[in-house]
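J.: Attaching a single structure in structure tokens format; questions to follow.
The values are calculated or read from the model by the stated rules, or taken from the named source; none is laboratory data. A quick note: this is a predicted structure, and the numbers were derived from the prediction, not measured. A quick note on method: Cβ atoms are made from the backbone with ideal geometry, for glycine too, and the neighbour counts reach across all protein chains shown.
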Amino acid sequence: MNATFEATSLLHTLFVIAIIAEAMTAALAAGKREMDWIGVCLLGCVTALGGGSMRDVLLDHHPLTWVAHPSYLLLTGGAALFTIAIARYMHKLRNIFLFLDAVGLVVFTVIGCNVAISLELPVVVVVASGMITGCAGGVLRDLLCNSIPLLFRAELYATVSIFTGLLYIGGLSLDWNHDGVMAIAMCSGLALRLLALRYGWSMPKFIYGGSIH
Amino acid sequence: MNATFEATSLLHTLFVIAIIAEAMTAALAAGKREMDWIGVCLLGCVTALGGGSMRDVLLDHHPLTWVAHPSYLLLTGGAALFTIAIARYMHKLRNIFLFLDAVGLVVFTVIGCNVAISLELPVVVVVASGMITGCAGGVLRDLLCNSIPLLFRAELYATVSIFTGLLYIGGLSLDWNHDGVMAIAMCSGLALRLLALRYGWSMPKFIYGGSIH
Amino acid sequence: MNATFEATSLLHTLFVIAIIAEAMTAALAAGKREMDWIGVCLLGCVTALGGGSMRDVLLDHHPLTWVAHPSYLLLTGGAALFTIAIARYMHKLRNIFLFLDAVGLVVFTVIGCNVAISLELPVVVVVASGMITGCAGGVLRDLLCNSIPLLFRAELYATVSIFTGLLYIGGLSLDWNHDGVMAIAMCSGLALRLLALRYGWSMPKFIYGGSIH
């Protein structure tokens, strides 16, 4: 189950690109809410690093990524601030950021699965760990922006993460080549996400009009 | 302070019924907000298992329930999805679910107290642990639905949890029979909750019209 | 880097005053939302003790303050309830509470830095730990009141915490006298916060009108 050096290194590079992209899109969400520069900076950090932090807190996997590597705080906070400077060009980069966000989703998912696998947790928890890592940052962003998390309402997102995680853990359980499984899981997840974006695929909604409590 | 096997087993059965009921009422809350199926599923899991998870994270009591027993994730997620299928009949089951929610409140409270007792924590923390276990899942549900937690505004709920916890720890400190104390605490708490629902009892509200900061 | 007994004792006294003041202003925020007495009590506890709890959970620093010292739960909950009784006089005390809130901000910051220093964490994490301790309680309060955290939108607050933390860790790294560094950092931070309040200083806002996702 050991990744080769090249695959680990590629995953890490993609991780760094993904947290920068997440921090930058979070900065735009902050700008929508007219937050100040500190708010932009904090929302960038929380969105980019919050999913992994939530996973680590829930699984008791310490130290957290940003505690062990505080440079990620500076990197994501800095990326969020930089977004203020280039905000006027961001709409032209919209498709690039949608793509990077999708890359981040599958990269975070695989990293989250790996953490749970290294802790020898059961399969269901491995998939949950991947999903929390991939999705919880965006949930925290939406909570801090005072809106219902997009994750709960929108296009295939958590689904992509669960799909990627299942492919990954399924392939590994068949003792296939680790790097190959990782590549297939990530590419399949990425393809599903991009197709969902392209064709507006979404999960059916549950609409309930009755009284609850 | 050891529970008999039967009492432990009954508490566990009630726990499983309660998390299913919590997941199902959370699914209705999700339907009110027109969440998609994944959102329904996640909100069910978070509501049913979030209180215990918050307690365990705060008290450093690992592994979390759903990490040790991932079947609870499938059970609560599945119950939430099943609710979509039977949504049209749910209003007829309203009273049953109100009752099961009240049962869940006192069951979660006693389980939360037991965790803190097993960690040999002080009495105030034992009561707090019971209340967090009983109430925090609903707070998370309301936060994710973007509304002010009902807990902070509504009928006797946290109060019932504190009352149950105080009776339980009080009885135990008198060295009374464990199962008897547990039964009395849970039945008293359940009775208080049902009476509060029946007669619309509530805590007085604090209404402040001045400026704050 | 050891504080003298007097300085530690003064810091502790200021901490107790600050958590009482935080709980009381949180009670007013609860009153604005017409919460019931239990809600007032809980919001007081969460606001006053939530920042330290979040820090300790993220840094795996157990037991949490209120678990080790449950009297703080009673103190902050009691202070919040007491606020209901004296609510009509609170607007006259507005300036005192703004001052105490500013004191709390720098006191919490220094305490948070000390926790991270005792865990031998890197400088960036020390400053982040101070900021989380100083600011996260207010963020939790705003989330539970269903509003966008003030921290992300308003006057110099997180900035003051970062400034205080940087002065503190900077002075310590120069091997200056611990108590002197602490006094200078806290007084400078307090002065910056009070000046910001007096003259309405704020960070520039980032206003973004484009589409995000």
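J.: Show the residue pairs meeting these rules: Cβ distance below 6 Å; 6+ apart or different chains; first residue within segment B:29-50 and closer than 18 Å to B:Cys135 by Cα; second residue among the hydroxyl-bearing types (Ser, Thr, Tyr) and buried (at least 24 other Cβ atoms within 10 Å of the Cβ).
T.: Partner pairs satisfying both residue conditions: B:Gly44/B:Thr76; B:Cys45/B:Thr76; B:Ala48/B:Thr76.
J.: Follow-up question, since we're still on this one. Among the residues of segment B:58-69, count how many are at the interface with chain A (Cβ under 7 Å from one of its Cβ atoms) and within 19 Å of the chain's Cα centre (by Cα).
T.: Adding up the residues that qualify gives 2.
J.: Does segment B:149-183 hold any residues that are among the acidic types (Asp, Glu) and under 15 Å from B:Ala102 (Cβ atoms), and which are they?
T.: Residue satisfying the conditions is B:Glu155 alone.
J.: Now, a different point. Which ones in segment C:149-186 are assigned to a helix (DSSP H, G or I) and of a type in the set (D, E, K, R)?
T.: Quick first cut of segment C:149-186, residues assigned to a helix (DSSP H, G or I) only: C:150-152, C:158-173, C:178-186.
Matches in segment C:149-186: C:Asp179 only.
J.: From the list B:Arg88, B:Arg55, pick out the single residue that is more than 12 Å from chain A (Cβ to nearest Cβ), farther than 17 Å from A:Val125 by Cα and of a type in the set (D, E, K, R).
T.: Going through B:Arg88, B:Arg55 in turn, just one is more than 12 Å from chain A (Cβ to nearest Cβ), farther than 17 Å from A:Val125 by Cα and of a type in the set (D, E, K, R): B:Arg55.
J.: Then there is this: Quick check: is even one residue across segment C:73-95 modelled with pLDDT under 95, of a type in the set (Phe, Trp, Tyr), farther than 23 Å from B:Asp56 by Cβ and within 14 Å of the chain's Cα centre (by Cα)?
T.: Looking for residues that are modelled with pLDDT under 95, of a type in the set (Phe, Trp, Tyr), farther than 23 Å from B:Asp56 by Cβ and within 14 Å of the chain's Cα centre (by Cα), one finds none in segment C:73-95, hence no.
J.: Here is a follow-up. I'd like to check something: does segment C:24-32 contain any residue that is more than 27 Å from B:Leu156 (Cβ to Cβ) and either surrounded by fewer than 17 Cβ atoms within 10 Å (Cβ to Cβ) or within 16 Å of the chain's Cα centre (by Cα) (or both)?
T.: Scanning segment C:24-32 turns up no residue that is more than 27 Å from B:Leu156 (Cβ to Cβ) and either surrounded by fewer than 17 Cβ atoms within 10 Å (Cβ to Cβ) or within 16 Å of the chain's Cα centre (by Cα) (or both).
J.: Same structure again: How many of the residues in segment C:175-194 are more than 30 Å from A:Leu28 (Cβ to Cβ) and either within 14 Å of chain A (Cβ to nearest Cβ) or not aliphatic (A, V, I, L, M) (or both)?
T.: Residues in segment C:175-194 being more than 30 Å from A:Leu28 (Cβ to Cβ) and either within 14 Å of chain A (Cβ to nearest Cβ) or not aliphatic (A, V, I, L, M) (or both): 9 in total.
J.: Among the residues that make up segment C:195-203, is at least one of them within 11 Å of chain A (Cβ to nearest Cβ) and closer than 18 Å to A:Cys41 by Cα?
T.: Within segment C:195-203 (the criterion being within 11 Å of chain A (Cβ to nearest Cβ) and closer than 18 Å to A:Cys41 by Cα), the answer is yes, since at least one residue qualifies.
J.: Yes or no: segment A:101-111 includes at least one residue that is among the hydrophobic types (A, V, I, L, M, F, W, C), closer than 24 Å to C:Val57 by Cβ and more than 14 Å from the chain's Cα centre (by Cα).
T.: no
J.: Quick check, is A:Arg193 touching a strand residue (DSSP E or B) at 6+ places or on another chain (Cβ under 7 Å) and either farther than 21 Å from B:Leu75 by Cα or of a type in the set (Asp, Glu) (or both)? Quick ask: steps written out before the conclusion?
T.: Values: touching a strand residue (DSSP E or B) at 6+ places or on another chain (Cβ under 7 Å): no; either farther than 21 Å from B:Leu75 by Cα or of a type in the set (Asp, Glu) (or both): yes.
No.
J.: Could I ask something else about it? Could you give every pair whose Cβ atoms fall below 7 Å, whose first residue belongs to segment C:90-109 and is more than 26 Å from B:Gly209 (Cα to Cα), and whose second residue is among the β-branched types (Val, Ile, Thr) and surrounded by 20 or more Cβ atoms within 10 Å (Cβ to Cβ), counting only separations of at least 6 or pairs across chains?
T.: Going by the 7 Å Cβ cut-off, the qualifying pairs are C:Val106/C:Thr164; C:Phe108/C:Thr133; C:Thr109/C:Thr133; C:Thr109/C:Thr164.
J.: If we keep just the residues of segment B:91-115 that are closer than 27 Å to C:Ser71 by Cβ and within 13 Å of another protein chain (Cβ to nearest Cβ), which is surrounded by the most Cβ atoms within 10 Å (Cβ to Cβ)?
T.: This residue is B:Leu105.
J.: Just one of A:Val115, A:Val124 is more than 20 Å from A:Val46 (Cα to Cα) and part of a helix (DSSP H, G or I); which is it?
T.: A:Val124
J.: Any idea which of (1) farther than 28 Å from A:Asn146 by Cα; (2) surrounded by fewer than 20 Cβ atoms within 10 Å (Cβ to Cβ) is the one B:Asn146 doesn't satisfy?
T.: Of the numbered conditions (1) farther than 28 Å from A:Asn146 by Cα; (2) surrounded by fewer than 20 Cβ atoms within 10 Å (Cβ to Cβ), the odd one out for B:Asn146 is (1).
J.: Would you mind telling me which numbered condition in (1) touching a helix residue (DSSP H, G or I) at 6+ places or on another chain (Cβ under 7 Å); (2) buried (at least 16 other Cβ atoms within 10 Å of the Cβ) B:Lys205 fails?
T.: Result: B:Lys205 passes all but (1).
J.: Would you be able to tell me the number of residues in segment A:116-129 that are of a type in the set (A, V, I, L, M, F, W, C), within 12 Å of chain B (Cβ to nearest Cβ) and under 14 Å from A:His61 (Cβ atoms)?
T.: 6
J.: Which pairs have Cβ atoms under 6 Å, sit 6 or more apart or on different chains, and link a residue in segment C:128-154 that is among the charged types (D, E, K, R) to one that is surrounded by 20 or more Cβ atoms within 10 Å (Cβ to Cβ) and in a loop (DSSP other than H, G, I, E, B)?
T.: C:Asp142/C:Pro149; C:Arg153/A:Met35
J.: Restricting to segment A:21-43, count the residues that are within 11 Å of chain C (Cβ to nearest Cβ) and either at pLDDT 95 or above or in a helix (DSSP H, G or I) (or both).
T.: Count: 16.
J.: Turning to a different aspect of this structure: Got a number for residues in segment C:130-143 being more than 9 Å from chain A (Cβ to nearest Cβ), crowded, with 24+ Cβ neighbours inside 10 Å and under 19 Å from C:Asp60 (Cβ atoms)?
T.: 3
J.: Residue by residue through segment B:144-166, note down the ones that are at the interface with another protein chain (Cβ under 10 Å from one of its Cβ atoms) and not hydrophobic (A, V, I, L, M, F, W, C).
T.: Within segment B:144-166, B:Asn146, B:Ser147, B:Pro149, B:Arg153, B:Glu155, B:Tyr157, B:Thr159, B:Ser161 meet the criteria.
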